[in-house]
Amino acid sequence: MKKKLLCALLTGAMVLSAGSAVLADEAESETSNVNEDGSVNDPSKVEVDENKLVMWSLFTGGDGEYMTKIIDDYNATSPSKQVQAITLVWADYYTKLQTAVAADKGPDIGLSHVSKLPELVDQGVVEPLNDYLDELGVDLSSMYTQNSLDSVTFDGEIYAIPLDTHAEVMYYNKDILEKAGVELNADGKLDIGSLDDFKAMLDKVKAVMGDGESPISLPNTGDDPYRVWWATYFQMGGTPIVNDDGTEVTLDTDKAVEAAEFVKSLYDDGYVATGIDDHQKLFQSGKAGFLFGGTWAVGVMESTDGLNFNVQSFPQLFDEDHCWADSHTFILPVNGDRDEDETKAAVEFMVAACKDGGLTWAGSGQIPANTEVTGNEEYAALPYRSNYQDEVEKAVLPTKNPHFYAMKDGMIQSLDTIWTGTNDAATGIDALVDELSSNLE
């Protein structure tokens, strides 16, 4: 009897131990799935509330906090369906979204850059919204400019609701400019009417820079020098990169080379220090006179203690006034498990997030796409935002080409060889044209 009892106790202990080990493994797996910025590596491992709509987000950091507030505020209104957000690692977001939709395991709500949207539409990843907007009695034409609506419309069907325009703008440290003798106008902004004006300011700032500091904060690879090149190319009168059909490269190679030579000159002439990895952080630490960066950094900059800065539109340095920009949009991923009522509730959230949450989103620094938001007094009262509101009109968006994202990656890789000195401008642009050609229809 005692032996049986002992065996039973030992067996029970082993079961409890095994069960604890499983629970520990699950807890460890869940913990390792979440990164420091709150993003997750595998969204399928996140426990979801079956009564809520699941939204996959690509916003972390400051942007993520503002989006969380928009969702929390919306859920507090007791909608027909509340929303639960899962933030994915930015570099993996689109791959995981496209893969999940193909396996019929996608989210109820998603986000897409407007430059990525043509690819998602072409691949059948997203659903059109017209019927649901009609059911809800929503007229987007009363809330958005025609250009904004055109960017999300394909063959007469609306496939996304624009959240914002985010653009490359120019930040400057007012303390450093004062030290360098660079004067601001009566509105506290810089009067830059030409490249000569800008270089004269840079020379003054360069003269007061010390070790570990830079007149302009800009990395020498990646998105930001590409965005400066993009703005410069179109300011020089450059033609569209490819035609609307995506069948022909229409880049003006002479102007592309000229624009690349200008950007390279910023490095060669000592206006950009070598080895800048985090250009936003360098400016934020007060060690740079200027920063070419995105609108999304405004919220971070204005919350940085001791940083005496201002921000304005990307300067017009050449004949035409243009800048780089993109747009975040809400999308409705194809999802066979989502019923009609849930789909309508998802669209209802998307509209409300852009309209009622637009002022909250403006806090991040982005320019809300909804004109009811940008037209109200509360938005006008926000500091800094009016300084670059005109970027919406200045921006040159890519053509609606389903291969643009792949083209962009190739362009950045080719341009990086110029900034790093591996190739001269002409050779780098030849490689860029080859990359574009390889992605044509």
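The values are calculated or read from the model by the stated rules, or taken from the named source; none is laboratory data. Nothing here was measured: the structure is a model prediction, and the numbers come from that model. FYI the Cβ positions are ideal-geometry reconstructions off the backbone, even for glycines, and counts take in every protein chain you see. Accessible surface is based on the protein model in full, side chains and every heavy atom, while ligands, DNA and RNA are left aside. Shrake-Rupley method; radii C 1.70, N 1.55, O 1.52, S 1.80 Å.
Accessible area per residue of the chain at 1.4 Å probe, in Å²?
Value returned for the chain: 45 Å² of accessible area per residue.
How high is the relative contact order of the stretch 358-441, in percent, counting Cα pairs under 8 Å that sit 6 or more residues apart?
On the way: 45 pairs, mean separation 16.5, N = 84.
Reported relative contact order: 20 percent.
Please give the net charge around Ser142, taking every other residue with its beta carbon less than 12 angstrom from that of Ser142, where Lys and Arg add +1 and Asp and Glu add -1. Mind dumping the intermediate values first?
On the way: positive: Lys355; negative: Asp139, Glu372.
In short, -1.
With +1 assigned to the C-beta of every Lys and Arg and -1 to the C-beta of every Asp and Glu, and no other charges, what is the dipole magnitude of the stretch 123-184 about the Cα centre in debye, to the nearest 20? Kindly include the intermediate steps, with their values, before the conclusion.
Numbers: 2 positive and 13 negative charges, 91 e Å.
Charge dipole of the stretch 123-184: 440 debye, to the nearest 20.
Across bins of 10 angstrom width beginning at 0, how are the C-alpha pair distances of the stretch 296-376 distributed, in whole percent?
Pair shares across the bins are 14, 31, 30, 17, 7, 1.
How long are the semi-axes of the equivalent ellipsoid of the stretch 165-316, defined as square roots of 5 times the Cα gyration tensor eigenvalues? Whole Å, largest first.
On the way: eigenvalues 155, 54, 47 Å².
Sorted largest first and rounded, they come to 28, 16, 15 Å.
With a cut-off of 8 Å between alpha carbons and a minimum separation of six or more residues, what is the relative contact order of the stretch 111-219 in percent?
Details: 53 pairs, mean separation 18.7, N = 109.
Once divided by the residue count of the stretch 111-219, the mean separation gives 17 percent.
Would you mind pulling out the separation of the Cα centroids of the stretch 72-122 and the stretch 386-412, in Å?
Between the Cα centre of the stretch 72-122 and that of the stretch 386-412, the gap is 21 Å.
Quick one: dipole size for the stretch 83-123, taken about the Cα centre, charges +1 on Lys/Arg Cβ and -1 on Asp/Glu Cβ, in debye to the nearest 20. Could you put the intermediate results ahead of the total?
Numbers: 3 positive and 5 negative charges, 19 e Å.
For this selection, approximately 100 debye.
Which loop-located GluC sites (Glu not before Pro) does the stretch 204-264 contain, where loop means any DSSP state but H, G, I, E or B and the Cβ has at most 16 other Cβ atoms within 10 Å? It would help to have the intermediate numbers written out before the result.
Details: sites: Glu213, Glu248, Glu258, Glu261; in loops: Glu213, Glu248.
Sparse-neighbourhood loop GluC sites (Glu not before Pro): Glu248.
When the chain is fully extended, how far beyond the present Cα-Cα distance does Glu378 get from Leu397, taking 0.36 nm per residue of separation?
Values: separation 19, 0.36 × 19 = 6.84 nm, distance 2.80 nm.
Gain on extension, Glu378 to Leu397, equals 4.0 nm.
Using unit Cβ charges (K, R positive; D, E negative) and no other charged atoms, how large, in debye to the nearest 20, is the dipole of the stretch 125-243 about its Cα centre? The partial results should precede the final answer.
Values: 7 positive and 22 negative charges, 162 e Å.
In debye, rounded to 20, the stretch 125-243 gives about 780.
May I have the convex hull volume per residue, in Å³, for the Cα set of the chain? Don't skip to the answer; put the middle values down first.
Working: hull volume 88.0 nm³, N = 441.
Per residue, the Cα convex hull of the chain comes to 199 Å³.
Assuming a ≥ b ≥ c are the square roots of the Cα gyration tensor eigenvalues, decide whether the stretch 314-441 counts as rounded (a/c under 1.5), prolate (otherwise, with a/b larger than b/c) or oblate.
In terms of gyration-tensor shape, oblate.
Which value in deg cm²/dmol, rounded to the nearest 500, describes the helix-derived mean residue ellipticity at 222 nm for the chain, given -39,500 (n - 2.57) per DSSP H run of n ≥ 4 and division by the residue count? Don't skip to the end; give the middle numbers.
Values: 19 runs with 199 residues, N = 441.
One gets -13500 deg cm²/dmol as the mean residue ellipticity at 222 nm.
Could you work out what % of the accessible surface of the chain is carbon and sulfur, using a 1.4 angstrom probe and leaving DNA, RNA and ligands out of the count? Spell out each step's value before the answer.
On the way: 9450 of 19990 Å².
Carbon plus sulfur share of accessible area: 47 percent.
Report, in whole Å, the centroid distance computed from the Cα atoms of the stretch 334-360 and the stretch 247-288.
If we compute the Cα centre of each part, the gap is 39 Å.
Relative contact order, percent, of the stretch 219-299 when contacts are C-alpha pairs under 8 Å separated by at least 6 residues?
Working: 56 pairs, mean separation 23.5, N = 81.
RCO, the stretch 219-299: 29 percent.
Once you list every other residue whose beta carbon is under 15 Å from the beta carbon of Glu372, what net charge do they have if Lys and Arg are +1 and Asp and Glu are -1?
On the way: positive: Lys355; negative: Asp139, Asp164, Asp356, Glu377, Glu378.
Result for the neighbourhood of Glu372: -4.
If a/c stays under 1.5 just call it rounded; otherwise compare a/b with b/c (prolate if a/b is bigger, oblate if not). Do that for the stretch 87-184, with a ≥ b ≥ c from the square roots of the Cα gyration tensor eigenvalues. Mind dumping the intermediate values first?
On the way: a/c = 3.28, a/b = 1.73, b/c = 1.89.
It comes out oblate by the Cα gyration axes.
Along the positive direction of the dipole of the stretch 159-312 (beta-carbon charges: Lys, Arg +1; Asp, Glu -1; about the Cα centre), which of Val208, Trp296, Pro225 reaches farthest?
So the residue furthest toward the plus end is Val208.
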